[in-house]
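Chemist: Got a structure for you, questions after.
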Amino acid sequence: MILVITVAGTFGIVFMLSYQHVSKLKLDNDIHTIICGDSHTQTALNDSIIPNSLNIAHSSEHYLYTYNVLKLLLRNNRQIRTVILGFSYHNLSSFYDDYLFDEDKTQYMYPRYFTVLDAEAMSLLVSNNFGGFLTDLKNTYHGVYRHINARELLDYSFIGWFYQSDRNYKNDSTVSRAIKEHYFNDDQSMQGFSAFQLIYLDRIIELCRLHDVRLILINSPLSKEYRARVPEEFIDRFNEFAKSHDQQLLDYHDFEVPERCWGDGDHLNSSGAKIFSAYIVESMHD
């Protein structure tokens, strides 16, 4: 009991010190557009090309994490006028909830995001993955502690970056691997829909409305080979969301780039991002 109290007290103190520091996080005043989401926006949108923007996307980022990061940034940075958020077919899949509750995947997420989570999110994660939380406690502690002395933007683990890659690995193997991970279980049965992605997407929409920030949902380019194998159920649910929400959605799944511009079956490489980002800049000025 004494050990438990000591550990809990130490973690609580470190968390409070970390949050006090993180809660004051300010971006440069010339950052007016935040680009966020998962690896699709992380690889597709080059913030050095899109004026006054900052790409903070992280691979496999669940909207619960995105919501909590945006809540912090929008509160402290009134100069932000636009949020660009990735939204595609795979974002509807139940595999995303594994990054909230599956011990094998949360070990990378809890240390990254725990400092910025609100009480509701913490309670949801811990109550549904208590064993994973205990297993990850040491790493989560270090993840929280690192923010106490954070100075540079990349010292904040919950802030991502534009992933610049020159790889060109689009082939049947990489397409198949992405399709299987996003939509199918190990026994080849189709995965269900996420229980929490759309809940937190709606919260992001409301958060941006309250802060008078323009929210743009973007379906980044996908290879024809990948798109052809996306289950119709997910395409239909994606289209249903678009029809039922009065929300700006830019659907560029069929945006064409040369073959050399694909990092793999569903991600652009740096050459593709250069072309696509320039197009987005032009489109936003129209």
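The values are calculated or read from the model by the stated rules, or taken from the named source; none is laboratory data. Source: prediction; values computed, not measured. Glycine gets a Cβ as well: all are built from the backbone with ideal geometry, and neighbour counts include every protein chain shown.
Chemist: Just a yes or no: is a residue in region 34-55 in a helix (DSSP H, G or I), of a type in the set (D, E, K, R) and at pLDDT 90 or above?
Modeler: Scanning region 34-55, I find no residue that is in a helix (DSSP H, G or I), of a type in the set (D, E, K, R) and at pLDDT 90 or above, so the answer is no.
Chemist: Also, I was wondering about something else. Taking into account only those residues within region 201-226 that are buried (at least 17 other Cβ atoms within 10 Å of the Cβ) and over 17 Å from C36 (Cα atoms), which is farthest from the chain's Cα centre (by Cα)?
Modeler: Filtering first and then ranking leaves E225.
Chemist: Check region 228-235 and report whether any residue there is at pLDDT below 95 and more than 19 Å from the chain's Cα centre (by Cα).
Modeler: No, because not a single residue in region 228-235 is at pLDDT below 95 and more than 19 Å from the chain's Cα centre (by Cα).
Chemist: In region 121-139, how many are in a loop (DSSP other than H, G, I, E, B) and modelled with pLDDT of 95 or more?
Modeler: Residues flagged as in a loop (DSSP other than H, G, I, E, B) and modelled with pLDDT of 95 or more within region 121-139 amount to 1.
Chemist: Which of the residues spanning region 31-51 are under 21 Å from I204 (Cα atoms) and of a type in the set (S, T, N, Q)?
Modeler: Hits for region 31-51 are T33, S39, T41, Q42.
Chemist: For region 262-273, what are the residues that are surrounded by fewer than 20 Cβ atoms within 10 Å (Cβ to Cβ) and either over 14 Å from H40 (Cα atoms) or at pLDDT below 95 (or both)?
Modeler: S271
Chemist: When region 188-211 is examined, which residues are found to be charged (D, E, K, R) and at pLDDT below 95? Write out each step before concluding.
Modeler: Let us first name the residues in region 188-211 that are charged (D, E, K, R), namely 202-203, 206, 209.
Hits for region 188-211: nothing passes.
Chemist: Could you please find all residues in region 174-200 being touching a helix residue (DSSP H, G or I) at 6+ places or on another chain (Cβ under 8 Å), among the hydrophobic types (A, V, I, L, M, F, W, C), farther than 21 Å from C36 by Cα and surrounded by fewer than 21 Cβ atoms within 10 Å (Cβ to Cβ)?
Modeler: If the condition is that a residue be touching a helix residue (DSSP H, G or I) at 6+ places or on another chain (Cβ under 8 Å), among the hydrophobic types (A, V, I, L, M, F, W, C), farther than 21 Å from C36 by Cα and surrounded by fewer than 21 Cβ atoms within 10 Å (Cβ to Cβ), then I179, M190, F193 are the ones that fit.
Chemist: Take H147 and decide whether it is surrounded by fewer than 13 Cβ atoms within 10 Å (Cβ to Cβ) and at pLDDT below 95.
Modeler: no
Chemist: Then there is this: One residue is enough: does region 87-99 have a residue meeting the conditions farther than 30 Å from F184 by Cβ, modelled with pLDDT of 95 or more, among the aliphatic types (A, V, I, L, M) and surrounded by 21 or more Cβ atoms within 10 Å (Cβ to Cβ)? Even if it seems obvious, please write down each step before you answer.
Modeler: Restricting attention to region 87-99, the residues satisfying the condition of being farther than 30 Å from F184 by Cβ are none.
No, region 87-99 has no match at all.
Chemist: Inspect all residues belonging to region 92-103 and state whether any of them is outside any loop (DSSP other than H, G, I, E, B) and either among the basic types (K, R) or within 25 Å of E152 (Cα to Cα) (or both).
Modeler: No, region 92-103 contains no residue that is outside any loop (DSSP other than H, G, I, E, B) and either among the basic types (K, R) or within 25 Å of E152 (Cα to Cα) (or both).
Chemist: Filter region 219-255 for residues that are in contact with a Leu (Cβ under 9 Å, 6 or more places away or on another chain) and without any contact (Cβ under 8 Å) to a residue 12 or more places away in the chain and give the result.
Modeler: Within region 219-255, just A242 meets the criteria.
Chemist: Mind checking which pairs have a first residue in region 170-183 that is of a type outside the set (S, T, N, Q) and a second that is modelled with pLDDT of 95 or more and surrounded by fewer than 14 Cβ atoms within 10 Å (Cβ to Cβ), Cβ under 9 Å, 6 or more apart or different chains?
Modeler: As it stands, the answer is K170/E259; Y183/M190, since those pairs meet every condition given.
Chemist: Taking region 53-67 as the region of interest, how many residues are buried (at least 24 other Cβ atoms within 10 Å of the Cβ), under 8 Å from the mean Cα position of the chain (by Cα) and among the polar types (S, T, N, Q)?
Modeler: Qualifying residue count for the region: 1.
Chemist: Also, I was wondering about something else. Are there any pairs with C-beta distances below 9 angstrom linking a residue in region 31-43 that is at positive phi to a residue that is surrounded by 24 or more Cβ atoms within 10 Å (Cβ to Cβ) and part of a helix (DSSP H, G or I), with the two at least 6 apart or on different chains, and if so which?
Modeler: G37/Y63; G37/T66; G37/N91
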